Amino acid sequence: MLQKECNEDDADDDESIVNDVNRISVVYQRLYRNILSMLTGSHILPEQVYRLVHELKVMLKSSMFAKSLFWRSSDMLVLCNKYLTLYLNSEHEIESIRADEIECASIILETICVSMEKTETLSSCQKVVQQCSKNFLTSLVGNFLSTPQLVASMSRNRMIEELCAEYTRSSAYVFYELLLLLERGVWTQNRQDINKSSFSQMILSNSQHLDYIDSLAQQFVVLWKTDDVQRQLTAKETSNIYRICFVIIHFISMSSAIKKHISLTFLEEFTYLVKPFIRSKLSTLQPASLITHKILQRFQVALQDANQPR
């Protein structure tokens with residue numbers, strides 16, 4: 001697995017990325033050139049792309065200056081979207097290669113997400129999004145809502161199935177950051193404002209939005225369930241559940257049809273697989289425990305309300 005190979009290098013990577021502006025700038029430009037050149041090459045090796053994007057992700061985590069470089073223009077975001085399109089629609093029939101491509105797509109989403117985290121004071125992030133055309137944003141959102149294309153023989157491959165699930169979770173975390181960005185202000189592009197309502201319409205206009213919300217709801221249950229019923233969720237697990245729940249609630253708020261759909265398909269699972277274990281699995285010592293309790297209550301109310309007779 002590509003992730004395992006790169007995780008072994010994380011400690012060395014973290015030490016090598018020092019807080020030196022000139023060095024970070026040189027490394028960032030090198031990564032951009034290499035990622036771009038691979039896309040324009042005749043043969044793209046997923047493992048090479050993965051290592052480059054992984055290095056970029058580590059650098060973004062380590063340096064706010066690196067994030068400012070990412071958002072200095074739309075170039076890197078556009079490049080990421082091109083790779084997403086490439087890997088989502090690949091028709092490779094060799095399972096190991098297809099698995100590597102899906103892993104690449106997931107780490108690209110993770111990198112976009114990291115680039116947006118804690119950017120409250122980074123106005124360039126919102127400015128770049130403002131400059132993107134509606135067609136580009138529609139393409140980007142479409143890739144977030146998509147699932148990787150698979151040949152029939154791969155549909156029951158457990159490893160590939162889990163990689164596709166990981167892609168769905170990763171896209172939800174990007175949606176979460178985008179929604180937070182919208183809460184901090186309205187995007188104005190081409191003399192047209194984009195707010196939560198118009199952004200929601202962009203999602204609703206994509207034919208895959210119901211399939212996406214179904215997959216995301218299932219991932220919510222998967223994250224909640226553990227082998228040990230009594231084991232409390234870790235800080236990371238709690239954060240992931242909060243973010244996914246936040247995104248699902250936003251989808252529910254977009255239209256009554258989605259609200260009714262998700263209630264019919266998910267209320268029973270929430271009632272019997274999630275609700276009974278909320279108190280035992282959410283540690284009060286976790287910083288995000290209180291807000292996660294509150295958002296789960298909002299989620300339950302939304303699911304139940306959709307089933308009430310009108």
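The values are calculated or read from the model by the stated rules, or taken from the named source; none is laboratory data. All of these numbers come straight from a predicted model, not from anything done at the bench. All Cβ positions, glycine included, derive from the backbone under ideal geometry; neighbour counts span all protein chains shown. In case anyone asks, the SASA skips ligands and DNA or RNA and just uses the protein heavy atoms, side chains included. Shrake-Rupley method; radii C 1.70, N 1.55, O 1.52, S 1.80 Å.
Where a ≥ b ≥ c are the square roots of the eigenvalues of the C-alpha gyration tensor, would you call segment 216-271 rounded, which needs a/c under 1.5, or, failing that, prolate if a/b is larger than b/c, or oblate? Taking the square roots of the gyration eigenvalues as a ≥ b ≥ c, segment 216-271 is oblate.
Its DSSP H runs of at least 4 residues, each contributing -39,500 (n - 2.57), put the calculated 222 nm mean residue ellipticity of the chain at -23000 deg cm²/dmol, to the nearest 500. In the chain, the longest principal axis of the Cα atoms and the axis of helix 75-88 are about 60 degrees apart. Each other residue within a Cβ distance under 13 Å of Ala105 adds +1 if Lys or Arg and -1 if Asp or Glu, for a net charge of -2. Full extension of the chain between Lys118 and Arg23 gives 32.0 nm of extra length, using 0.36 nm per residue less the Cα-Cα distance.
Centre-to-centre, using Cα atoms only, segment 274-288 and segment 104-118 are separated by 27 Å. If R0 is 45 Å, the Cβ-Cβ spacing of Ser283 and His43 corresponds to a FRET efficiency of close to 0.40.
By accessible area, using a 1.4 Å probe on protein heavy atoms only, the chain has 50% of its surface on carbon and sulfur. Is segment 112-179 best put as rounded, prolate or oblate by its Cα gyration tensor, with a ≥ b ≥ c the root eigenvalues, rounded for a/c under 1.5, and otherwise prolate when a/b is larger than b/c, oblate when not? Because a/c hits 1.5 or more and a/b fails to exceed b/c, segment 112-179 counts as oblate. Candidates (i) 33; (ii) 46; (iii) 37; which is the computed percent of Cα pairs over 31 Å apart? Only one listed value fits the structure, namely (i).
Using only the Cα atoms of segment 16-144, build the gyration tensor, take square roots of its eigenvalues as a ≥ b ≥ c, and label the shape rounded, prolate or oblate: rounded if a/c is under 1.5, else prolate if a/b is larger than b/c, else oblate. Since a/c reaches 1.5 but b/c is at least a/b, the shape of segment 16-144 is classed as oblate.
Using a Gaussian network for the chain with springs between C-alpha atoms less than 10 Å apart, which of these wobbles most: Met116, Met64, Met38? Highest fluctuation of the listed residues: Met38. At a probe radius of 1.4 angstrom, the accessible area of segment 39-173 per residue rounds to 43 square angstrom. With only the Cα atoms considered, segment 144-185 has a convex hull volume of 44 Å³ per residue.
Using R0 = 22 Å, the C-beta based FRET efficiency linking Arg33 and Ser133 works out to 0.35. Note: relative contact order over the chain, using C-alpha pairs below 8 Å and six or more positions apart, is 14 percent. Helix 235-254 and the longest principal axis of the C-alpha atoms of the chain enclose an angle of approximately 70°.
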